[in-house]
Structure formats: C-alpha cells, structure tokens
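This report concerns only the one structure given below.
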Amino acid sequence: MLKAQDNTFNILSEAISEGVVVVDKNQVIVVANASVLEMFGYSENELIGKNLDVLIPKKYKPSHSKNVDNFVREGQKRQMAHGRNLYGKKKDGAVFPVEAGLNPFVIEGEKYVMALVSDITLRKKQEEKIQNLNQELEEKVQQRTKALHKTITDLEDEVVLRKEAEARAQESLQKERELNELKTKFLSLVSHEFKTPLSGILTSATLVGKYTAEKQQEKREKHLNTIKSKVKYLNTILNDFLSIERLETGKVTYKYSTFPLSKVVNEVVYDANMLLKDGQRINYPDDIDECIIEFDEKILELILSNLINNAIKYSAEHTSIDLNVRTEQDKLYFSVKDQGIGIPKEEQKYIFNRYFRAENALLNQGTGIGLNIVKTHLENLGGAISFSSKQGEGSTFTIQVPIHQNPK
C-alpha cells in the first residue's frame, strides 16, 4: 500500500517548494506536504483521509469530480488549466487561482494521482497589471497622436518597449510552464530510480538475517555487497542532483592543480573494472605517462567516470571499450569508444538535455542527468564534448579540455 512508501514520499514531497497532493482512486487525500498545508491553511495531517472536494470551490465541484474520475481511469499525466482558469479553496473559504500538474501512478495494483500545485495569485496580479499597463499605453498613444505629430517617434519607442515587455512576460510564463512540467517529470523519475534499489536493499537485508550459520558466510557477504552496491548507486543519484543544484545556483568552485593525466585515468579505470560485465575489457590509452595538465582533478575524474561507466552499462558482454588520448597545440582530446547499443539518430539532438533518455536505453538504470552535468562542467572550464553514434554499433564520446589554464 501507499502507506508503506510514506517515508520516501514525504522526503520527496517535502523537498519540493510547490504543493504536493496524492489522492487514491476515490479522490481521498493520502499525502499532503507542508507547502500544500500552508497554501490551503490546514494544519499537519488535517487533510489526510478527506475528500479532494475540500480543496475545490463549491461552484467547480461537480465538473471537477467528473474530470478527476476520467483522469484516473485514463491514467495519462497532464497539465491542468490549459485554456481555462483553475481555483482552489482555503480552509477559511477564501478562493485563489492555482495551477496543477497531474501524474498518475500505480502501487501494488492501486491507482493514485499525484498533483503538483502552485499558487499563481501573484502571476495573475502581474498579468492584470500588464493588461492595465497596455490599456494605459494605448490611451496615451491616442492622446498624444491627437495632440502633436512630433511625438510620434517617442510613441513608437514606447510601443517597442511595450512589445518587449510583453515578449518578456510571455517568455517568463512559458518558462514557468516548462519548469512545472519538468518538476512533474522529476518526481516521476526520482520515484522510480529510488524505488528499485530500495527494494533490492530490503530483499538483501531480509535474506542476510536468515543466514546465521558460519558456513553461510559467503551468502551473507553476497547480500551485504548487494546492499553496498545499491547504497552507492543511491548516493551517486543524490550527488548528481546536488551537482545540478550547485551548477544552477552558481555555487560550484573549481580547484585547479597540475597533475599527470595517467593518475586520474588509472583511478577511473580501476573503479570501472569492478563494473565490467563478463568478457568486457577496457583498452588503456597509449603514451599518457608524460602528459601533464592543469585542470580540476576531481571534475576530470567525474567526467571520465561518467563516460566510461556509460560505455560499460550500454555495452553487452564480451565487448571492448577503447580509451584514446591525443593532444593538439594546447588542447587535450580524450575519447571513449564502445560497441554498445548506440543512440537512435532521431534522438541524438536531445542527448545532453537534462533527464533525457533514449528509447533503447530505458531498460537500464539511469537518471538522464549525467551527460548534462558533464557538458555544463566542461563549458564552465573552457572545454567541450562531442560524440558520434550509430544504433546497434556503438558510440564514441570525445571531450576537449585545455592543457593549461589561461591567466586571468
């Protein structure tokens, strides 16, 4: 039941600034985070067990109940309020405009709907202010046109400014809608990526408790290693999400140092060898012992680990992964070539988009943010990344980094 997943849902929902509400197929509220409680004026646990109608104004209840029933039955996620206004009702009866993104999911055969709710009162006021400003500008244009022809040039400038303001407002609204859709996708992604390793940890922990005899030590070790592996995977996911937050807020601090390239490559390849499938091998690059570069060592390790681990993950058993290094003038080129599943041609333009995963890679674990992080770090450090790929034959990713940092 959903109750067994409360801890995970609470952690995820409380980490989101927008309101999160989860209802079952009968429209009964089973999860409501702190943002929703504050938004609607309720205290903790006051909404749990109540029908969703308590949050809907009376005049909208008949149509809303029917719409939710249809949505639960169809099971397709969507953004509500397209082309119409949507309102919520607070505990004190006050009505306010909202925007909601809906995402259906099923746990143990039971259907649920998760809604990401935003209070758009401020946006509505801003839109009204823009409309009033447009009306005032139009009246001013008419008055000045009638009064003096010499003001035409000034009025044209005002019209240009008005159009620019409208364009900025429209762009801002579009970005807000895209952000809400991205957050809905994020919740769905994180729920899936956390649930799978958590299930593995629970299973292994249960089995470890059953192997108490000394002769069963090997079985205990096997399940303890599984737990360690799953925890490490969860830690990697969390680190990726933290990296995105730091990159977006500009909180990343790069630490340059001079080091041999072989040091980083040796560490990355050593760790990657533990992930190799049966018969896989990594072909070490030639002639890199004398290659000395000035770069952020930890970031380079992160970048190479991501590319090599991807090559392992998306390649079959008994395949090779080739690492190649070359230098041209003051730039270092490092390529990772695999014999894996490749990337469909029509999807290659999206490969560096955050959360994007190609259709043929959906059965493999992953969050779709690793390459986005790699590309952002490289661009921040004066580098670049490119790739070539053919579906069913493999991919080659090449990074370019400066060997020496220019003095600032």
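About its Cα centre, the dipole of the range 122-182 is roughly 180 debye, where the only charges are +1 on Lys and Arg Cβ and -1 on Asp and Glu Cβ. Amide H contacts under 5 Å for Ile107: Tyr112, restricted to partners 5 or more places along the chain or on a different chain, H placed in the peptide plane at 1.01 Å from N.
Please compute the Kirkwood hydrodynamic radius of the range 122-182 from all pairs of different C-alpha atoms, in Å with one decimal. Numbers along the way, then the final one.
Values: mean 1/r = 0.0763 Å⁻¹.
Final number for the Kirkwood radius of the range 122-182 is 13.1 Å.
Subtracting the Cα-Cα distance of Ile130 and Glu38 from their residue separation scaled by 0.36 nm leaves 30.3 nm. Computed from the C-beta positions of Asp271 and Glu176, the FRET efficiency with R₀ = 35 Å rounds to 0.30. Set the Förster distance to 25 Å, then compute FRET efficiency between Lys61 and Leu122 from the Cβ-Cβ distance, nearest 0.05. Efficiency, rounded to the nearest 0.05: 0.45. The 3J(HN,Hα) values that the Karplus relation (6.51, -1.76, 1.60; θ = phi - 60°) gives for the range 284-289 are, in residue order, 5, x, 8, 6, 10, 4 Hz. Gly and Pro appear as x.
Between Tyr350 and Asp53, the C-beta separation translates, for a Förster distance of 30 Å, into a calculated FRET efficiency of about 0.15. In order along the range 129-140, the phi-based Karplus estimate (6.51 cos²θ - 1.76 cosθ + 1.60, θ = phi - 60°) of 3J(HN,Hα) comes to 5, 5, 4, 5, 5, 4, 5, 5, 5, 5, 5, 5 Hz; Gly and Pro are listed as x.
Backbone amide hydrogens, once placed in the peptide plane, bring Tyr87 within less than 5 Å of Val98, excluding anything fewer than 5 places away on its chain. In terms of overall dimensions, the C-alpha atoms belonging to the range 261-408 reach 45, 31, 23 Å along their principal axes, ordered largest to smallest. Here's how it looks for Lys331: its modeled amide H is under 5 Å from those of Ile403, which are all 5 or more places away or on a different chain.
Throughout, read-outs are computed from the coordinates displayed, never taken from laboratory work. Note that the structure is a prediction, hence the values are computed from the model and not measured. Every residue, glycine among them, receives a Cβ derived from its backbone with ideal geometry; neighbour counts consider all protein chains shown.
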